[in-house]
Structures are given as structure tokens and as C-alpha cells.
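Down below is the structure, laid out as C-alpha cells.
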Amino acid sequence: MMFKEEESGTAQRFSLHGHWSSRLAFVLAVTGSAVGLGNIWKFPYIAGENGGGAFVMVYLVCVVAIGLPVMMAEILIGRRGRRNPVATMALLGEEEGASRQWKWLGIMGVVAGILILSYYSVVAGWTLAYIPKSMSGAFSGATVEDVEVIFTNLIGSWVSVTIAHTLFMASTVFVVAHGVERGLEQAVRFMVPALLLLMLVLLGYAVTSGGFAAGVSFMFTTDFDALTWDGVLQAMGQAFFTLSLGMGAVMAYGAYLPEETSITGSSASVVAADTLFAILAGLVIFPLVFANNLDPAEGPGLVFVTLPLAFGQMAGGAFFGAVFFIVLSIAAWTSALGLVEPGVAWVVEHFGRTRMQASVMVGGTIWALGLGTALSFNVLSDVIFLRGTIYQNVEYLTSNIILPLGGLLITVFAGWVMCRNSTSEELGGAGNTYKLWRFLARYIAPAAILLVFLEAIGIIG
Ligand code: PFF
């Protein structure tokens, strides 16, 4: 028997994978998973497209009223079960008098992590490829056409993108294979503070770029006229993706959380840190865009075309451009760890494999699936079905269907299926904070998520 369970409650349960050595380690790990391409690439441009300050305000409300309670729910479920998300859901489903079939929620999470990382790794590979390009001065003095050619040549070459994707996956597997304390924890202890430091360096650069005031007013001027109902829904969806919720990543990390650590306090720290990074990213990117009279609403091309163009026009641009893409690569890397952990923990526990074997197996599967995305931009660009290319289908299925559905089911489980005693025990008693959490988890979060979900799959809106 792998687990000890002589006593009631969870005090006797141990994770097979070890535990975080401190609360700080846990907060850094979840922050590492939360801060990623979603913050640095996506948040700034959707904020810009949706009225800047008004969108930022709605986003903040969503993060606090939906993101925070869902994060607390995921962590408390993970810690109570202390297993991989599949086994945890089966165990708690049974223990709470519901059904072991709740395991399907865990399975959906493992699958989502694998699918998301299959394309996330390809995009992360592009950022890796941009580091030497920036350093070598490829963007210095380049025109829009030059930069576009560099980008299309990169994504159009299946050899280059496959090499970059392979490198990124190999570095992810390398960390995960070393386990919770010697792998994940060591990586985030160094990477997350490094990320913050480098972001501050870039902020200093943006402040002196000449476009800082324009960038700040673009992000914080509250123009409610520019905010649409669709923008509100996008803010909710973004709150989810950016906090890594709805797919068991945070649940898997919660399984390694020491008994005495406050879930409410840790969740609040992560949410604050993730929001700080999103705002910082906007404050770095927009001033550079405005200083060079470029278009802030460029969308997906913002980071890979507009920004290199801005760096190419500025003094020190080759160096700071390289720093920017290093930041983006590190942010993506620590997020990848969270995407792969549910699958690895499941393979270790379910098939009795070593962590090394499990990491290689899960990482290898993701790598192979990722070829579908890598080739979507070149050799297989003509393969179009449902929502578009292979990449577009995987992205749509995961972001718009699996994550909201997973988040909805997780809050319903924590708010409605689990009994009051179980959840209050994990959240440190039945005081006012607990009451507020329970209200948000039972009513507000599920209703709001349902709205996003129905909008995303086109039933309303
Ligand atoms: N939160 C990450 C980002 O904002 O880029 C994306 C992500 C990572 C989603 C890990 C889900 C996850 F488990």
C-alpha cells in the first residue's frame, strides 16, 4: 500500500512525491506556473484592445472574485487528497459520499496539460530562437517587412521550430525528472526572482524610452465606452488561463503542500504576484510600442514582430531585446513545469514508474503531439478542419472548452460536493474568510464561469 490512512482526516496522508520545503517554495512554484506567455504576451494586447483601464479593472475583479476562490478550491482538494489529480478526485469523490467517477475531472486535467503544453512548447521555442536573433543584432534598424520576414521564415521552417520545440521540452523534462524538491523547487527558487529582476531592468529601459507616459495612460485610462460585453468575458477567461486554473496543475502542486501552511494566504500571494507581472509586462511593452509609433493592438504579432521592431530602433536594443526574450522563455519554462506535473504524478502513481521514466514518457508524448502545432505553420498549414489548423483546434479546445469546464467542475466539487467540515478544516476554520470563500465558490464563481463557457462555445453572446 502506497499511502497511510489509518486515521480520519488528512494528517496521515503523505504525498509519494515529497513536499515543498516551505510556504515560500510553494508560492514560488505556483507563481512560476501562473506567470507565462499569458501575462507577457496576451494580457497587454487584450487589455489594449478592450479599453485599457476599464478592462484592467474588470480583470482585477475577476481575478479576486473568481480566480482566488477557484485557486483555493484547487489547492484544498489537492492537499486533502495528496495524490495525482486523477486519484485525488476518485478518492475525495468517494470519501465525500459522491462517486469515484469524479476521477474523470482529473483525467480531463491531465489531458488538458498535455495538450496545452504541446502548443505552448512550440511558441516557447520561438521565444528561444529569438534570443540569439536579438543578440546578433538581426533586428537593428530593421523595417516592418524585414522583421515580418524573419518571423515568417522562422515559423515557416519546420526544422528550426522542431529543434526549438525539442530543446524546450528537453529542458522541461530535465527539471521535472529531478522531482519536487530537487527539480521543481530548485528551478523556481532561482527562476522566479530572476524573472522579477529582469522585468525591473526592462521597466527601467521602458521608463527612459520616451513613450512611458503614453504607455501608462493607454493601460490605465478608464474608458468604459471601449469595453464591450465580450471584453468582460475575455477578462474572465484571461483570469483563468493566467492563474493556471481549471486543469489540475495547482491541484497537483497543492498535494505537496505542508499541512500547516495557510491556503488562503498562499493563494492571495500568488494572485498578487501574477497580477503584478501582468501589469509590469504592459508597462514594459506599451512604452516601447508608443515610443516607436507602432500599433499596440497588433495581437499575436505584438511580441514577435512589433516589439523586435521597437528594439531595433532603440539604443541598446539588441541587448534589451535579448533580455526580453530570455524573460519570456523563463516564464514559459516555469509554466511548462505546472502543465506536465499532473501527468507525471499520475504515471508514477498509477503505473509504478520512476519519476525519470514518467517524465520521459509524458514529455515524449507532448513532444510528439507538439509536432502537430510545429508543422501547422509550414508543411501542414493546408490541413484545415473545424476551427482551422491543428494548432488552432488544440488551442480552442483547451482554452475555450476544457479549462472553463474543469474550473466549473472544480468549484462545484469544492462548494457543493465536499462537506463544510472538510473544506473548513483545510481552510483553517469557519470564520468570515471561510464564509466569504464558500459563498464565492458556491454561487459567484460557478455562475460566472458558466457564462464564460457558454459564450466561448457560442451558445450565448
Ligand atoms: N498561466 C500560464 C500563462 O499565463 O501563460 C499558462 C498555464 C500554465 C496554464 C500552466 C495552465 C497551466 F497549468
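The values are calculated or read from the model by the stated rules, or taken from the named source; none is laboratory data. Please read all numbers here as calculations on a predicted model, not as lab measurements. Here the Cβ positions follow ideal geometry from the backbone for every residue, glycine too, while neighbour counts run over all protein chains shown. Quick note on the areas: whole protein, heavy atoms, side chains included, nothing else; ligands and nucleic acids left out. Shrake-Rupley method; radii C 1.70, N 1.55, O 1.52, S 1.80 Å.
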Among (1) under 24 Å from VAL64 (Cα atoms); (2) part of a helix (DSSP H, G or I), the one test that LEU397 misses: (1)
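Looking at ARG387, ARG442, ARG420, which is the one that is closer than 26 Å to VAL340 by Cβ, charged (D, E, K, R) and without any contact (Cβ under 8 Å) to a residue 60 or more places away in the chain? Talk me through it step by step, then tell me what you get.
Numbers: ARG442 fails: closer than 26 Å to VAL340 by Cβ; ARG420 fails: closer than 26 Å to VAL340 by Cβ.
Sole residue among the options that is closer than 26 Å to VAL340 by Cβ, charged (D, E, K, R) and without any contact (Cβ under 8 Å) to a residue 60 or more places away in the chain: ARG387.
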Elements of type helices (runs of 4 or more DSSP H) contained in segment 201-256, each with 3 or more residues being within 16 Å of the ligand (Cβ to nearest atom), within 15 Å of the chain's Cα centre (by Cα) and not hydrophobic (A, V, I, L, M, F, W, C): 229-242
Among the candidates VAL383, VAL348, residue that is β-branched (Val, Ile, Thr), farther than 30 Å from ILE75 by Cβ and open to solvent by 10 Å² or more (accessible area, probe 1.4 Å): VAL383
Residue in segment 81-95 that is under 18 Å from the mean Cα position of the chain (by Cα), modelled with pLDDT of 95 or more and either open to solvent by 10 Å² or more (accessible area, probe 1.4 Å) or within 16 Å of the ligand (Cβ to nearest atom) (or both) present: yes
Meets criteria (within 16 Å of the ligand (Cβ to nearest atom), acidic (Asp, Glu) and either more than 20 Å from LEU37 (Cα to Cα) or open to solvent by 10 Å² or more (accessible area, probe 1.4 Å) (or both)) for GLU395: yes
Every residue from segment 264-295 that is under 19 Å from the mean Cα position of the chain (by Cα), within 18 Å of LEU28 (Cβ to Cβ) and in contact (Cβ under 8 Å) with a residue 12 or more places away in the chain: SER266, SER267, ALA268, SER269, VAL270, VAL271, ALA273, ASP274, THR275, PHE277, ALA278, LEU280
Qualifying residue in segment 123-135 (condition: of a type in the set (A, V, I, L, M) and more than 21 Å from SER376 (Cβ to Cβ)): yes
In segment 282-298, the residues that are hydrophobic (A, V, I, L, M, F, W, C), at pLDDT 85 or above and not in a helix (DSSP H, G or I): none
Among (1) over 28 Å from THR242 (Cβ atoms); (2) in contact with a Ser or Thr (Cβ under 8 Å, 6 or more places away or on another chain); (3) touching a residue at least 12 places away in the same chain (Cβ under 8 Å) - the single one HIS350 does not satisfy: (2)
Single residue of LEU375, LEU386, LEU405 found to be of a type outside the set (Lys, Arg), over 21 Å from ALA278 (Cβ atoms) and within 16 Å of the ligand (Cβ to nearest atom): LEU405
Residue in segment 145-161 that is within 30 Å of ALA272 (Cα to Cα), hydroxyl-bearing (Ser, Thr, Tyr), out of contact with any strand residue (DSSP E or B) (no Cβ under 8 Å at 6 or more places or on another chain) and away from the ligand (no atom under 16 Å from the Cβ) present: no
Unmet criterion (only one of (1) open to solvent by 10 Å² or more (accessible area, probe 1.4 Å); (2) within 16 Å of the ligand (Cβ to nearest atom); (3) of a type outside the set (Ser, Thr, Tyr)) for GLY113: (1)
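Just to confirm my filter: which helices (runs of 4 or more DSSP H) fall fully inside segment 20-130 and include at least 2 residues that are in contact with a strand residue (DSSP E or B) (Cβ under 6 Å, 6 or more places away or on another chain)?
Filter on segment 20-130 gives 53-62.
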Pairs with Cβ under 6 Å, 6+ apart, first in segment 89-114 and more than 16 Å from GLU349 (Cβ to Cβ), second of a type in the set (S, T, N, Q): GLY93/SER99; ALA112/THR398
Qualifying residue in segment 30-43 (condition: within 16 Å of the ligand (Cβ to nearest atom) and at pLDDT below 90): yes
Residues that are open to solvent by less than 10 Å² (accessible area, probe 1.4 Å) and within 8 Å of the ligand (Cβ to nearest atom), drawn from segment 331-341: ALA331, ALA332, SER335, ALA336, GLY338
Checklist (1) more than 23 Å from the chain's Cα centre (by Cα); (2) at pLDDT 95 or above; (3) surrounded by 17 or more Cβ atoms within 10 Å (Cβ to Cβ) applied to VAL147, failing item: (2)
Which numbered condition ALA47 fails, given (1) within 22 Å of the chain's Cα centre (by Cα); (2) open to solvent by 20 Å² or more (accessible area, probe 1.4 Å): (2)
